[in-house]
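Notes follow once the structure below has been shown.
The values are calculated or read from the model by the stated rules, or taken from the named source; none is laboratory data. As the structure is a computational prediction, the values presented were derived from the model and not from experiment. Positions of Cβ are generated from backbone atoms using ideal geometry, with glycine treated the same way; all protein chains shown enter the neighbour counts.
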Amino acid sequence: MSNTQWENLSVQALAVVAVVYFLALLAHLVEWAALRKLPTDAPLDQRTRTFGRFGFLLTVIGAAVQLVALVGRGMAADPNRVPWGNMYEFVITGTFVLVLAYLVLRGRFSLEWLAPIVVGFALTVLMVAELTLYEEVVPLTEALSSPWLVIHVVAAVIATGAFTLGGILSVLYLVKERKPDTTTGFLARVPELDALDRISYRIHAFAFPVWTFAVLIAGPIWAHYAWSRYWGWDAKEVWAFITWVVYAAYLHARATAGWKGRNAAIVALVGVGTLWFNFIGINYFFGGSSQHSYAAPSVVQEPVRSSYDLI
Amino acid sequence: MGDLNLRELLRWSWRQLTSMRTALILLLLLALASIPGSVIPQDNIDAFKASQWREDHPDLAPIYEKLGLFSVFDSVWFAAIYLLLALSLVGCILPRTRVYWRGLRAAPPKAPRNLTRLPDSATYRTSEPVDDVLARAQVLLRKRRFRVLAAEGAVSSERGYLREAGNLLFHISVLIVLAGFGIGSLFGYQGGVIVWKDGGFSNNLTQYDDFVPGSLMQAEDMEPFSFEVTDFDVNWLMSGPRKGMAQKFVAHLDYRETPDGEEKEYDLKVNHPLSIGGTDLFLIGHGYAPSITVRDGNGDVAWSGPVIFLPEDQATFTSFGVVKAPDARPRQIGLEGLLYPTYANVDGNPVSLFGDDRNPRISMLAYVGNLGMDSGDSQSVYVLDKSRMTELKKNDGSMFRVDLFPGQTKKLPDGAGSVTFEGMRPWVRIQISKTPGKGVALGGVILALVGLLGSLFIRPRRVWVRARREDEETVVEIAALDRSGGGEVGTELAEIVASLRAGDVREEKS
Ligand code: HEM
């Protein structure tokens, strides 16, 4: 297949993904609508269960097609490469990881109730990315062509997906905390506050070391080779550091009596805020001054910024 | 009396400082304090932007200056936060290490009086004698890698001691990283130099274009290497969406590690630095240096050689440069203007179509007068001080420009002299940096990660088994307690109960 064919394949696959996720979302909404009046302990009727399974199946198909879209993106480039060269590619990979994480952890942590949220979130983000971030496939710039890119980005995407999931749980925690006595509907089937807090903690405990590896080990090693310094307080690095510190504070908050639960959830949400601000905000507001400026790629991105420092 | 109060105050402050809550607040404060560093241009990151910002905000700039907002990460208040955090960290690590050390060798704690009151507990009855149950419980728990102690009709056990070790390792490693980072910024240096093809460099201060030493760095720390740029290759993409992008930059170097060392070759590329001792050389930029000859009013050569032009636009490499001929007589000559590597005239405007030097052309304004180079003040080679210079015009007073293709010469008006564009040469910008302590910092984060994994995933827990005789039967109570705050012990408890009962031969028979 030619590069253009691969690129078209990727574009079409993503359109399919959007449709499939949309159907999955509908199925889950029907499922949950049927559950609205049902007390938590009542057994599910056949119809509800069918819709739930249908939604799950569609989500699996959607994720598989999304993987095709990602591979197509990588194959479309010459030379072939990992599909993580710009924000658009980062978003379609990140949502894939989020959905995959949900699918994998679903059975283990009984996350059925997360389905509409994860699918709805992935669908929305994908649509926004398709409309505002789409870019043609281009070769990686020189500074980006390094095995450390792969390692750094894989870790960062995994951590971002997991932190986002943790953030969703924290929101649910705060919502449920305000109405602890609901016995019917969605909120009632969300796990107990204690369990929510614990699952959220586990997810964060997984994401934090991955993030540490991504931004404090792989990132600096790569920055050393590409930019001649391993840490330069570049805007992107500052915010990665802020995110790290906030999540360290989250883990502390969890360990401090009185900060469990509600306060920890708030700190976790601050963490997600800094994470996404780093990803979106920094690129848009400070795109030019950050060396990590894949927001608006100039034609030649080799870092020569410092030529201006010559006085 | 006052003495005592002071001591109490100190002790109170120390306890506050090393409390978990303070650590939490300091962490959040550190995050908050970093924000201005990403919003306000920083002197040591983008000096050009920072000075521009100062010009644009004349009212705010002095205030910001006082607050250190142009170099947040070197500022007193930022340092205050992380030093307090480091102090709090030490104050936290020391007592915890002591406690841990003692706890390491301590026996598992005695079983609580009422095991069934614990959230995770189970009870069953059996006809087996008490001692058999307890003996089997010990074997079973040992097999599950618990540390076991039997006393007073009960078995106490505990495992997961390494969690705290991981936690301590993590926190100690944070200090190691801090030390590594500190060593780098105190004893290291970073500098940049532009070298054109066939040009050379030897590592001493005078040869750098810009140089930022660490505050304790000594000139002797500079390794005595030297190199020459023998060639520079670049590959321009001629098709595809990134048409015009440059790729595969390679600067071919001949270098010597010491003045009388053997000469070696290295192909310096982006992402592939050359390491000489503890110093690394990076290729971080490239551009063009047109060779220009200036003859003065007397017809003598007043300047001849390559002149570095700085790219203003990464897409087309349209570059800006300045030529100064202080030896020109009777009047000094200065030129200022642009280089178009692939020149084309589009609707009457000169543009460069492409970054490659397919059709280079310079287009410069000429000035005569006093270049101001004798005043003693150092002057940037990239800026022409025009305050005592006059622009040359055509005889009819209209605008005069030196527009030349390679090989061409243009006479200046007024008999001021002439300018020849001899040819093009590429230059490369090489960043040279020595960062001692980077191994320490890297080792530190890796240790921190190892500690973190231990601390997050090792789950310390205790299991107690008590058996007593009651109504001709043995009542067995088992309880488990998670001590990590994030785990559940229900499953493990069920497993232990199941295997404890499974070993009960008599029960199976009955
Ligand atoms: C640079 C500053 C610090 C950072 C980045 C940091 C980071 C962390 C992280 C990520 C954790 C969670 C992982 C784990 O359980 O080991 C943690 C736990 C912990 N930290 Fe810190 N910490 C810092 C300073 C401190 C200080 C000053 C104290 C003492 C007051 C402290 C006491 C603790 C304790 C007791 C835990 C264990 C919590 C538990 O049992 O789960 N930390 N820290």
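Of the candidates B:L274, B:L268, B:L253, B:L283, the single residue that is buried (at least 20 other Cβ atoms within 10 Å of the Cβ) and at pLDDT below 90 is B:L283. Checking the conditions here, which among A:W211, A:W222, A:W233, A:W259 is at the interface with another protein chain (Cβ under 10 Å from one of its Cβ atoms) and either modelled with pLDDT of 95 or more or part of a helix (DSSP H, G or I) (or both)? Exactly one of A:W211, A:W222, A:W233, A:W259 is at the interface with another protein chain (Cβ under 10 Å from one of its Cβ atoms) and either modelled with pLDDT of 95 or more or part of a helix (DSSP H, G or I) (or both), namely A:W222. Of all residues in the stretch B:160-199, those being within 12 Å of the ligand (Cβ to nearest atom) and touching a Pro at 6+ places or on another chain (Cβ under 8 Å) number 3. When the stretch B:76-114 is filtered for residues that are within 16 Å of the ligand (Cβ to nearest atom), of a type in the set (D, E, K, R) and more than 14 Å from every other protein chain (Cβ to nearest Cβ), only B:R98 remains.
The listed residues are B:T279, B:T318, B:T293, and the only one of them that is over 29 Å from the mean Cα position of the chain (by Cα) and within 14 Å of chain A (Cβ to nearest Cβ) turns out to be B:T318. Considering B:E262, B:E223, the condition of being away from every other protein chain (no Cβ under 13 Å), under 24 Å from the mean Cα position of the chain (by Cα) and assigned to a loop (DSSP other than H, G, I, E, B) is satisfied by B:E223 alone. Considering the stretch A:232-246, and only residues there that are among the small types (G, A, S) and crowded, with 21+ Cβ neighbours inside 10 Å, the residue that is farthest from the ligand (Cβ to nearest atom) turns out to be A:A235. Select from the stretch B:324-372 the residues that are within 21 Å of B:N298 (Cα to Cα) and among the aliphatic types (A, V, I, L, M) and write down the one among them that is surrounded by the most Cβ atoms within 10 Å (Cβ to Cβ). The selected residue is B:I333. Of the residues that sit in the stretch A:71-86 and are surrounded by fewer than 20 Cβ atoms within 10 Å (Cβ to Cβ) and under 20 Å from the mean Cα position of the chain (by Cα), which one is modelled with the highest pLDDT? Among those that are surrounded by fewer than 20 Cβ atoms within 10 Å (Cβ to Cβ) and under 20 Å from the mean Cα position of the chain (by Cα), it is A:V71. Would you check if B:R54 is among the charged types (D, E, K, R) and within 16 Å of the ligand (Cβ to nearest atom)? So B:R54 does not fit the description; no.
Take the stretch B:429-478 and flag every residue that is small (G, A, S), more than 30 Å from B:W196 (Cα to Cα) and away from the ligand (no atom under 16 Å from the Cβ). If the condition is that a residue be small (G, A, S), more than 30 Å from B:W196 (Cα to Cα) and away from the ligand (no atom under 16 Å from the Cβ), then B:G437, B:G439, B:G443, B:A467 are the ones that fit.
Residues that are within 15 Å of the ligand (Cβ to nearest atom) and either at the interface with chain A (Cβ under 7 Å from one of its Cβ atoms) or under 22 Å from B:F211 (Cα atoms) (or both) within the stretch B:8-51 comprise B:M20, B:R21, B:A23, B:L24, B:L27, B:L28, B:L30, B:A31, B:S34, listed in sequence order. Taking the criterion of being under 30 Å from A:P220 (Cα atoms) and modelled with pLDDT of 90 or more, would at least one residue in the stretch A:126-141 satisfy it? Yes, because at least one residue in the stretch A:126-141 is under 30 Å from A:P220 (Cα atoms) and modelled with pLDDT of 90 or more. Does any residue of the stretch B:371-388 turn out to be over 30 Å from A:I221 (Cβ atoms), out of contact with any Leu (no Cβ under 7 Å at 6 or more places or on another chain) and at pLDDT 90 or above? Within the stretch B:371-388, none of the residues are over 30 Å from A:I221 (Cβ atoms), out of contact with any Leu (no Cβ under 7 Å at 6 or more places or on another chain) and at pLDDT 90 or above. Within the stretch A:247-255, is there a residue that is surrounded by fewer than 19 Cβ atoms within 10 Å (Cβ to Cβ) and either at the interface with another protein chain (Cβ under 9 Å from one of its Cβ atoms) or not in a helix (DSSP H, G or I) (or both)? For the stretch A:247-255, residues surrounded by fewer than 19 Cβ atoms within 10 Å (Cβ to Cβ) and either at the interface with another protein chain (Cβ under 9 Å from one of its Cβ atoms) or not in a helix (DSSP H, G or I) (or both): present.
Okay, residues lined up against (1) loosely packed, with under 13 Cβ neighbours inside 10 Å; (2) in contact with a Leu (Cβ under 9 Å, 6 or more places away or on another chain); (3) at negative phi; (4) of a type in the set (K, R):
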position	(1), (2), (3), (4)
B:N44	no, no, yes, no
B:A50	no, no, yes, no
B:H57	no, no, yes, no
B:I63	yes, yes, yes, no
B:K66	yes, no, yes, yes
B:I81	no, yes, yes, no
B:L84	no, yes, yes, no
B:G91	no, yes, yes, no
B:L94	yes, no, yes, no
